[in-house]
């Protein structure tokens, strides 16, 4: 038993402890940013400093002054690097440099469009000592393989408490310091819980080993060079080290971290999400490299956390679902930390499982265990009897019993003696209601988010109101207190063409379908259609008049847009269980039904998934699901949206863009991969890859290929085969596409190299086979990034939409983009609510000699060709469609992706009901839309 005070011995702790003034952050009040809906306009009385309320519309962020002033020095440096490249000093193409893969160099900066001055949620990091060296040490805990992640994190937290010199850590295995650390021997750390719970009974030994040194002056020199001068892998490690340094202050100031980059004030204002969860606002941070400088990306973030307090109350709030309720509750509670209340010295325990009896939740009266130290010798006893005899406590009868031991050596506790520790993030997938509540929390006007970043965010990071002594400055780094200003441009919107000579020039990213006909109504009208009503009870079944009225109104709308649709239809009414749905769809197939309009009882993902699996895969029937709205399903706007989907499913083209910006004889390919969630899926549940592509120059039809692959494998394993299917679907087989422009979604920067070495190789192998004896197409491969935290804010009302976001067509390729590499940010859509999230496009490979203007305009115009909407979308349709088809494929493996539980059998592809593709009747269609 150690006699160290609570917190144990810090790293090289002595009596001369460095203590700086505390500037702990206030409670947070930001939104996630990136919502797709419209943000509310706050009352002017609630606006903080740095804002102006120029009606109409949301207030505009003013930053440190009224007019943003991008760095002239950085702009000059950007231009010089381009000039050096033009002179042959830069990197021309994809190359290997000392076995380090280098991406294509930026060919130029865009010039088209109206010039803008914007704010971006970045802050320049000034290196105060040009000779600064950050030293990285590897820390190894003896016996670490037996410790939980939380326990190891706590050991590192104790290790770095009150050191005599600056220290930062990732709380896993690394320590960063500008000082040389003495390596005289192992460091002893006396373990204790942060809140004092539990017993200080264990001392751990930590070994330190010097790993490498990062010279910040050399890194800055690399960012100013037309060619890379810093080893790529070491550069990434240096950025990681800087992230540890920037995270040090919030990590040591009672702020709850989630991962390495998110921080939440647990005692901040919370929003009930339902089901035992609350939503909190916090902040995300990341260090980014850019031309000539290092930048801190700081953004508002939201997260879901467990309700703290009584475990009994948490279980009540969870509202156990059926039929897999016990297992769903176990998934929800597994790995949750609780503090015991029945002992003199409270202990912190982790729930490993729930006590169950033949698949049902156990209770204190019927959960038995062997009591080794029972009076008179060991015996079997119930949890209720044990607490009665040992603690003289009568337990509530109808409550769960949790296991805080292991499966082999269980330790049972009734829920009533457990308190849920605050600040525990929930990692499971949110329900539809919880998602709605989280979106409400996250989606706020851009100005409010920017205000939080500028005030609470900088304070949380130890940057303002004055640099904290134990913040970044102790590492000789000084992030600016002013949000970064950058140059942007707004591209001209395209002109859309409809049938009968109709044309639309949408000024703000959306348009009205009134008086328009589709460019190409479905070439093959369905001969037999049906109406299917799925209901959970007979009382909710649609009556004959409701079905007749809706189908009549729908037919009228379809005819208005030029689509042929039969007057007569078959009616089907069915219960919501899968067996009933399957039988009904088999009957509809036997009846010759080609298209079913389906009324769903509610937004039930399980019912929807069962319907889509059987209709798409087993029966080959197009289905269009409609959420039943009393007296509202026949509204013109609603019917117009349904008409868009029906025409696409049946092979039609809704609208076109005829422009030189979209070159002819080009196939646009979208690729995405979706992964199983860790808490809901069965072990080894597969990932699913989707590939979509247009079939001709109309850019209206985008059939898809889908295929399962290895568990959480991001690289597409069957890409050669799937792309081959897309080339086979090209309508003019005599003249295959001259260009392939591939938009790859969902890939992190760390996977760029693998995409190039594996996926690009598969693409080339496919075209070499398909184009045998013909001229090969020129390939361009572009990454589409959505999961980033870059946000742009307009500096004047004239360049803002009604929600206070930047206008559609805003593109930024200067000031905050990658040094040397070819990338840009683009906001192609109107932010309906919250803060618009720009798409980030990074060119990994280019044989088409794209200039910045050419690629940016092409990408922007494509965003107006998303067929099921009368508005531009946030990412290019090929990537968007690939995302949608992956989500559809998840329906086919609903049980494998949603019915996991501890001890569940692993996914077995030889027994799976679906592996790839859909019914032959639907393969050439946009069945997924």
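The values are calculated or read from the model by the stated rules, or taken from the named source; none is laboratory data. This is a predicted model, so every value here is computed, not measured. When we count neighbours, we look across all protein chains shown, and the Cβ atoms used for this are built from the backbone with ideal geometry, even at glycine.
What to note about this one:
- Looking across the stretch 872-903 at every residue that is in contact with a strand residue (DSSP E or B) (Cβ under 7 Å, 6 or more places away or on another chain) and over 27 Å from residue 922 (Cα atoms), the one that is modelled with the highest pLDDT is identified as 874.
- Restricting attention to the stretch 608-633 and to residues that are more than 21 Å from residue 868 (Cβ to Cβ) and at pLDDT below 95, the residue that is surrounded by the most Cβ atoms within 10 Å (Cβ to Cβ) turns out to be 631.
- Restricting the stretch 282-302 to residues that are out of contact with any helix residue (DSSP H, G or I) (no Cβ under 7 Å at 6 or more places or on another chain) and either closer than 18 Å to residue 253 by Cβ or modelled with pLDDT under 95 (or both), the residue that is surrounded by the most Cβ atoms within 10 Å (Cβ to Cβ) is 282.
- Top-ranked residue of the stretch 598-628 - restricted to ones that are part of a strand (DSSP E or B) and touching a helix residue (DSSP H, G or I) at 6+ places or on another chain (Cβ under 9 Å), ranked as nearest to residue 577 (Cα to Cα): 600
- Single match in 381, 338 (criterion: part of a strand (DSSP E or B), under 30 Å from the mean Cα position of the chain (by Cα) and either under 22 Å from residue 147 (Cα atoms) or modelled with pLDDT of 95 or more (or both)): 338
- Tally of residues being touching a residue at least 60 places away in the same chain (Cβ under 8 Å) and either more than 31 Å from the chain's Cα centre (by Cα) or not in a helix (DSSP H, G or I) (or both) across the stretch 754-777: 1
- Criterion violated by residue 845 - all others in (1) modelled with pLDDT of 95 or more; (2) assigned to a loop (DSSP other than H, G, I, E, B); (3) touching a helix residue (DSSP H, G or I) at 6+ places or on another chain (Cβ under 7 Å) satisfied: (2)
- Candidate set: the stretch 634-653, residues that are modelled with pLDDT of 95 or more and in a loop (DSSP other than H, G, I, E, B); chosen: the one surrounded by the most Cβ atoms within 10 Å (Cβ to Cβ): 652
- Any hit, the stretch 386-404, residues being part of a loop (DSSP other than H, G, I, E, B), farther than 22 Å from residue 430 by Cα and under 33 Å from the mean Cα position of the chain (by Cα): yes
- Pairing each residue of the stretch 914-929 that is on the phi > 0 side of the Ramachandran plot with any residue that is part of a loop (DSSP other than H, G, I, E, B), provided the two are 6+ apart or on different chains, yields C-beta distances under 7 Å for 917/923.
- Qualifying residue in the stretch 870-890 (condition: under 21 Å from residue 693 (Cβ atoms), more than 19 Å from the chain's Cα centre (by Cα) and without any contact (Cβ under 8 Å) to a residue 40 or more places away in the chain): no
- Flag not set for residue 318, criterion: in the same structural domain as residue 246 (by TED's automatic domain parsing) and either buried (at least 23 other Cβ atoms within 10 Å of the Cβ) or touching a helix residue (DSSP H, G or I) at 6+ places or on another chain (Cβ under 9 Å) (or both).
- Of 744, 712, 787, all but one fail to be crowded, with 23+ Cβ neighbours inside 10 Å and under 22 Å from the mean Cα position of the chain (by Cα); the exception is 744.
Listed here are the residues, each with its yes/no results for (1) in a loop (DSSP other than H, G, I, E, B); (2) in contact (Cβ under 8 Å) with a residue 60 or more places away in the chain; (3) crowded, with 18+ Cβ neighbours inside 10 Å; (4) assigned by TED's automatic domain parsing to the domain that holds residue 640.
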{"residue": "513", "(1), (2), (3), (4)": "yes, yes, yes, no"}
{"residue": "545", "(1), (2), (3), (4)": "no, no, no, yes"}
{"residue": "550", "(1), (2), (3), (4)": "no, yes, yes, yes"}
{"residue": "555", "(1), (2), (3), (4)": "no, no, yes, yes"}
{"residue": "558", "(1), (2), (3), (4)": "no, yes, yes, yes"}
{"residue": "564", "(1), (2), (3), (4)": "yes, no, no, yes"}
{"residue": "568", "(1), (2), (3), (4)": "yes, no, no, yes"}
{"residue": "587", "(1), (2), (3), (4)": "no, no, no, yes"}
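- Close pairs from the stretch 608-619: first without any contact (Cβ under 8 Å) to a residue 60 or more places away in the chain, partner crowded, with 23+ Cβ neighbours inside 10 Å and part of a helix (DSSP H, G or I), Cβ under 6 Å, at least 6 apart: 614/585; 615/585
- Where strands (runs of 3 or more DSSP E) fall entirely within the stretch 161-244, those with at least 2 residues that are touching a strand residue (DSSP E or B) at 6+ places or on another chain (Cβ under 9 Å), at pLDDT 95 or above and surrounded by fewer than 17 Cβ atoms within 10 Å (Cβ to Cβ) are at 203-215.
- Test: residue in the stretch 431-439 that is in a helix (DSSP H, G or I) and free of Cβ contacts under 8 Å to residues at least 60 places away in the same chain: yes
- Selection from the stretch 119-147 of residues that are in a strand (DSSP E or B), under 30 Å from residue 854 (Cβ atoms) and in contact with a helix residue (DSSP H, G or I) (Cβ under 8 Å, 6 or more places away or on another chain): 119
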